[in-house]
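What follows is calculated from the coordinates using simple rules that are stated; it is not laboratory data. What you see is a predicted model; the values in this text were computed from it and never measured. Methodologically, a virtual Cβ is constructed for each residue, glycine included, from the backbone with ideal geometry; neighbour enumeration extends over all protein chains shown.
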Amino acid sequence: MPRPTDAAKITRREALRRTVLFSTAALATSGRSFLRAAPVETKFDSGGLHLLALGDYGTHGDARQISVARAMSKFAKSLDQPLTAVLALGDNFYKPITPNRFQDHFEDMYSKDGLDCPFYACAGNHDYGPKYDPQEGKLQMQLDYAKNNPDSRWKFPAKWYTLELPSADKPLVKMIVLDGNFWEGALTPQEKIAQRRFFEAELKKKSDAPWLWVVNHFPIFSDGHGHGDNAALLREWGKLLQDYPVSLCLAGHDHIMQHVQVDDYHPSFIVSGAGGAALYKLNDKCRGYTNNSSLGFNHIHVTPEKLNVQFITSDGDCIHHFQRTPKGELTVKV
Ligand SMILES: [Fe+2]
């Protein structure tokens, strides 16, 4: 596919500064990577929640992980309201987990100076052993650390769980956190059945939360080269995402930052996999906003009426920013 000229890309991006309703084609014209960045937005309506999300960050404390951690802390301190939570989207620890790693590569890495809030984790493929990393029991170590250290910000109550924020009695967001490790050696057949029952039951359960999100490590739709779309998860969860009012799907796994809207699907699909590991190349699908030029993380501000989702680089720039209503009205701001 021929690449559009820079002039054509600028025109297309400018054309996106308007409201669209489920306009997959319009979002796709936002291009694969940013031509220019905007300052991050830090002033929002009061009464909402502020969340950060990052994935694929557990690189043994290298410079890339440090740069994103520092950018998160700096951004959080620039907000005029406190952070509610960080969503840790998996591949939390590459390589074996040694006893000091929770302290060095989580507690100290993600400074309480700015990031003094719970980190809710899910399981990436590298969080299992030994197929992806030569250590048995890596995931259980992460579950155990949360259980044995209730004062820690590290929250990982189970392989799959429900999270209601700010509280279960008055939720603004209901998140269903899942384990998408369907490969041989990870979830057992019995666990897959149990998780499926849990997922359906949680989707059916009546909730006062205006927002319903699904969180797991693996994107169902991705333009990252090497992984791409996940046929197993599409088979397993695709119909449920169409049948229930899920508005946001958050994942990592591909080391890119991406926002796509997919025909016949209600949710906005976010990939936030640029938290520290080496970035991936892209495939040639170009279905939405996709960036593989920068490490970074997501900021999400939630009110009952509106989501603001910012894609923020380790340099502190905003490279994509969209708003969305529960019904799916979408406005691309950057
Ligand atoms: Fe992964």
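Note on Lys333 and Asp151: with the Förster distance fixed at 30 Å, the Cβ-Cβ geometry gives a FRET efficiency of about 0.20. Of the trypsin sites (Lys or Arg not before Pro) found in the range 168-257, the ones in coil according to DSSP and having at most 12 other Cβ atoms within 10 Å of their Cβ are Lys205, Lys206.
Between helix 6-15 and the chain there is an angle of about 80 degrees, using the helix long axis and the longest principal axis of the Cα atoms.
Which order do Ser167, Ser247 fall in if you start with the one that has the fewest other Cβ atoms within 10 Å? Provide the component values of the computation, followed by the final result.
Values: Ser167 8, Ser247 19.
Ascending number of Cβ neighbours within 10 Å: Ser167, Ser247.
Of the GluC sites (Glu not before Pro) found in the range 96-197, those that fall in a DSSP loop while having at most 14 other beta-carbon atoms within 10 Å are Glu136, Glu184.
Considering helices alone, the calculated mean residue ellipticity of the chain at 222 nm is -6500 deg cm²/dmol, with DSSP H runs of length four and up weighted by -39500 (n - 2.57) and normalised per residue. Which residues does the label zone of Asp62 cover in the range 292-314, counting backbone N under 14 Å from a point 7 Å along Cα→Cβ? So the set is 295. For the pair Ser293 and Ser111 in one chain, pulling the backbone fully straight at 0.36 nm per residue adds 63.0 nm over the alpha carbon distance. DSSP loop chymotrypsin sites (Phe, Trp or Tyr not before Pro) in the range 146-242 with at most 13 other Cβ atoms within 10 Å of their Cβ, which ones? Within the range 146-242, the qualifying chymotrypsin sites (Phe, Trp or Tyr not before Pro) (loop, at most 13 other Cβ atoms within 10 Å) are Trp183.
Give Lys147/Lys170; Lys43/Lys155; Lys159/Lys281; Lys159/Lys192; Lys43/Lys333; Lys112/Lys170 a once-over and call out the pairs whose C-alpha atoms are over 19 Å from each other. Intermediate values should be presented prior to the final figure.
On the way: Lys147/Lys170 25 Å; Lys43/Lys155 28 Å; Lys159/Lys281 29 Å; Lys159/Lys192 11 Å; Lys43/Lys333 15 Å; Lys112/Lys170 26 Å.
Among Lys147/Lys170; Lys43/Lys155; Lys159/Lys281; Lys159/Lys192; Lys43/Lys333; Lys112/Lys170, the Cα-Cα distance tops 19 Å for Lys147/Lys170; Lys43/Lys155; Lys159/Lys281; Lys112/Lys170.
Taking every alpha-carbon pair under 8 Å whose residues sit at least 6 apart, the range 50-332 reaches a relative contact order of 20 percent. Estimated at 0.36 nm per residue, the fully extended path between Lys131 and Gln103 surpasses their Cα-Cα distance by 7.6 nm. Counting only aspartates and glutamates at least 8 places from Lys131 when in the same chain, those with an alpha carbon closer than 19 Å to its own are Asp56, Asp91, Asp179, Glu184, Glu191, Asp254. Using R0 = 45 Å, the C-beta based FRET efficiency linking Ala231 and Ala168 works out to 0.85. The aspartates and glutamates within cross-link reach of Lys204, meaning a Cα-to-Cα straight distance under 18 Å and a gap of 8 or more places when in the same chain, are Glu164, Asp169, Glu236, Asp243.
Of interest is the spacing of the C-alpha centroids, which for the range 174-229 and the range 127-155 amounts to 19 Å.
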